[in-house]
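Peer 1: Here it is, the structure in full.
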Amino acid sequence: MFNLPIHIKTYRMSGPRLNVFYPAIVELSDSAMQQQINQLIVGEVNRQIHQQGYPQNPKGLSGYYEIKTNERGVFSLSLYNESYTSHAHRWTLQNSLTIDVQTGKLYTLQDLFVHGVDYVKSVSEIIGQQIKDRRIPLQSEFKGIRPDQDFYIADKALVVFFQLEEITAYVYGFQYFPISVYEIQNIINEQPLGTMMY
């Protein structure tokens, strides 16, 4: 089990109208695992770039990242990519990766929960209540999360989020819903969320 934070180095991907910073793991004792995880990260960076229409997009784009968790063998990060694309305003994508640094496993939302549990219903109910409590102005009625909804892990929380204009108008930005691991402790798997409880 990796108890210490892993070492991260920032790299830059550049080209005509392209300026993207992204992280890579360095100094991991298992070099094959390090390469596997770094390929996951670069793959997602490239996917974002293509999703934004580069290189056809004449306005160009930029990218950066934020580390959300780097402890107890769990590495969770968000990759951001900004471009003007076809929108009149700057358009930002946020995609997150949560990885087990011991096995290289890329977690999906479903992986976080006990097999067979209706996690979509449970998480949707919590988010629905937060929407009411925070009086978030929705574009339409909230009918629940997607089974593969975007998320990351931060501190002792699962943070589920929605892309720009996914549930609210552009002006309100990304919508984040932190859910304490203690609130869902009866339905989560030990890895990776359970380890955040101790």
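Peer 1: Using only DSSP helix segments of four residues or longer, with each worth -39500 (n - 2.57), what per-residue ellipticity at 222 nm results for the chain after dividing by its residue count and rounding to 500?
Peer 2: Numbers: 2 runs with 37 residues, N = 198.
The helix-only estimate for the chain comes to -6500 deg cm²/dmol at 222 nm.
Peer 1: Out of residues 5 or more away from A157 or on other chains, whose amide H comes under 5 Å of its own, with H placed 1.01 Å from N in the peptide plane?
Peer 2: For A157, the qualifying residues are V181.
Peer 1: Now a separate question. Output the peptides 96-105, 120-129, 135-144, 5-14 sorted from most to least packed, where packing is the average of other Cβ atoms within 10 Å over each peptide's residues. Mind dumping the intermediate values first?
Peer 2: Details: 96-105: 18.3, 120-129: 16.5, 135-144: 10.6, 5-14: 12.6.
Result, highest mean first: 96-105, 120-129, 5-14, 135-144.
Peer 1: Which length gain, in nm to one decimal place, applies between Q51 and Y182 when the Cα-Cα distance is subtracted from 0.36 nm times their residue separation?
Peer 2: 43.6 nm is the gain from fully extending Q51 to Y182.
Peer 1: Gap in Å between the Cα centre of region 127-198 and the Cα centre of region 33-58?
Peer 2: Going from one Cα centre to the other spans 25 Å.
Peer 1: Still on this structure, I have one more. Only four residue types carry charge here, +1 at the Cβ of Lys and Arg and -1 at the Cβ of Asp and Glu. Report the dipole size of the chain about the Cα centre in Debye, rounded to the nearest 20. Walk me through the numbers before you get to the answer.
Peer 2: Details: 16 positive and 19 negative charges, 118 e Å.
For this selection, approximately 560 debye.
Peer 1: Projecting each Cα onto the charge dipole of region 76-198 (Lys/Arg +1, Asp/Glu -1 at the beta carbon, about the Cα centre), which of V114, L193, A157 comes out farthest on the positive side?
Peer 2: Value: A157.
Peer 1: Report, by chain and number, residues whose modeled amide H sits under 5 Å from the one on L61, excluding near sequence neighbours (fewer than 5 apart, same chain).
Peer 2: L18, N19
Peer 1: Which percent of the accessible heavy-atom area of the chain goes to carbon and sulfur, probe 1.4 angstrom?
Peer 2: On the way: 5180 of 10160 Å².
Of all accessible area on the chain, carbon and sulfur atoms account for 51 percent.
Peer 1: With springs only between Cα atoms under 10 Å, which of R72, R17, R134 fluctuates most in a Gaussian network model of the chain?
Peer 2: Highest fluctuation among the options: R134.
Peer 1: Follow-up. Can you give the relative contact order of region 75-198 as a percent, counting alpha carbon pairs under 8 Å and 6+ residues apart? Please list the in-between numbers first.
Peer 2: On the way: 177 pairs, mean separation 27.8, N = 124.
It rounds to 22 percent for region 75-198.
Peer 1: Could you tell me the calculated FRET efficiency between L138 and S29, based on Cβ-Cβ distance and R0 = 35 angstrom, to the nearest 0.05? Walk me through the intermediate numbers first.
Peer 2: Details: r = 47 Å, r/R0 = 1.35.
Computed FRET efficiency for L138 and S29 comes out at 0.15.
Peer 1: Would you compute the Debye intensity of region 42-112 from its alpha-carbon atoms alone, equal scatterers and no solvent, and pass along log10 I(q)/I(0) at q = 0.17 Å⁻¹ to two decimals?
Peer 2: The Debye formula, applied to the Cα set alone, gives -0.67.
Peer 1: For region 1-69, what is the relative contact order in percent, using Cα pairs closer than 8 Å and at least 6 residues apart in sequence? Walk me through the numbers on the way to the answer.
Peer 2: Numbers: 71 pairs, mean separation 22.9, N = 69.
Once normalised by length, the contact order is 33 percent.
Peer 1: Amide H of D150: which non-local residues (sequence gap of 5 or more, or other chain) have their own amide H closer than 5 Å, using H built in the peptide plane?
Peer 2: Answer set, sorted by chain and number: F161.
Peer 1: Here's another thing I want to ask about it. Grab the other residues whose beta carbon is less than 15 angstrom from that of D133, score K and R as +1, D and E as -1, and report the net. Let's see the in-between values first.
Peer 2: Values: positive: K132, R134, R135; negative: E125, E183.
Combined, the nearby Lys, Arg, Asp and Glu give +1.
Peer 1: For the chain, with every protein chain kept in place, what is the accessible area per residue (1.4 Å probe, Å²)? Working shown, then result.
Peer 2: Values: 10160 Å² over 198 residues.
It amounts to 51 Å² per residue over the chain.
The values are calculated or read from the model by the stated rules, or taken from the named source; none is laboratory data. Values in this document were obtained by computation on a predicted structure and should not be read as measured data. In this analysis, Cβ positions are derived from the backbone assuming ideal geometry, glycine residues included, and neighbour counts consider all displayed protein chains. Accessible surface areas use protein heavy atoms only, side chains included; no ligands, DNA or RNA. Shrake-Rupley method; radii C 1.70, N 1.55, O 1.52, S 1.80 Å.
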